[in-house]
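Values quoted throughout were computed directly from the atomic coordinates according to the rules given, and no laboratory measurement underlies them. From a predicted model like this one, the values you see are computed outputs, not experimental measurements. No Cβ is skipped: glycine too gets one built from the backbone with ideal geometry, and neighbour counts run over all protein chains shown.
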């Protein structure tokens, strides 16, 4: 119920639940560590580092400005251009990285054009999870 109401962060609830299971004796420490996929954690950490570096280099601003100029800042054009940019990034990067790269571009474009970002972000997340499920 705590996760559904989101009164406490999901990660904190999951960590407390895992600690409770080890403390109570449902699992021992070896079993608990066997359930952690360190390859996935390493991949996600690396992707977040990549996103942080590209953000500081101005890649997001460049792509956002380029995309908005190509479609003359029309809302439907921006939606189409975001789909094209997402497809281009997906051709070379995995899905988690693509989502981490496209989200800041979407928010930057909508912030600069002073439009509501929710329609752009919601369709992006819906399409990403329907077409290719995230790990």
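Take each peptide in 60-66, 94-100, 21-27, count the other Cβ atoms within 10 Å of every residue, and average; sorted highest first, the result is 94-100, 60-66, 21-27. Label separation (residue 23 vs residue 61): 4.7 nm, computed from points 7 Å beyond Cα along the C-beta direction. For residue 118 and residue 52, what does the FRET efficiency come to when R0 = 41 Å and r is the distance between their Cβ atoms, rounded to the nearest 0.05? Computed FRET efficiency for residue 118 and residue 52: 0.95. The mean sequence separation of alpha-carbon pairs under 8 Å and at least six residues apart, normalised by the residue count of the stretch 37-131, gives a relative contact order of 31 percent. Across all directions, the average projected area of the convex hull around the alpha carbons of the chain is 10.5 nm².
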